[in-house]
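Notes to accompany the following structure.
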Amino acid sequence: MMTDGQKAAIDSMSYYSLLQKWRFAATGDPLLQGDVGDYFSKVMRKRESELAPGEKVAISKELGWG
């Protein structure tokens, strides 16, 4: 079950922040598990769809893979 705090945290994140969490979070991160993880993915896809052409690639390159 998602808490109001988890929802607020996810809702406040930019696509950059969401992708950074997606790539670099530790295994078992509570924002990426179960119903919360499903919501995280939904918000991430929404933010991605709002990006200008080429912006997704630029953000991905900026973040890298560590």
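Read the figures in this text as sums done on the coordinates, not as results from a lab. Nothing here was measured: the structure is a model prediction, and the numbers come from that model. Backbone-built Cβ (ideal geometry, glycine too); neighbour counts: all protein chains shown.
One line per residue, one yes/no per condition, for (1) among the basic types (Lys, Arg); (2) over 10 Å from the mean Cα position of the chain (by Cα); (3) surrounded by fewer than 16 Cβ atoms within 10 Å (Cβ to Cβ):
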residue: ALA8; (1), (2), (3): no, yes, yes
residue: LEU18; (1), (2), (3): no, no, no
residue: ALA26; (1), (2), (3): no, yes, yes
residue: PRO30; (1), (2), (3): no, yes, yes
residue: VAL36; (1), (2), (3): no, yes, no
residue: SER41; (1), (2), (3): no, no, yes
residue: ALA52; (1), (2), (3): no, yes, yes
residue: ALA58; (1), (2), (3): no, yes, yes
residue: GLY64; (1), (2), (3): no, yes, yes
Out of segment 27-66, which residues are among the hydroxyl-bearing types (Ser, Thr, Tyr) and in contact (Cβ under 8 Å) with a residue 40 or more places away in the chain?
SER60
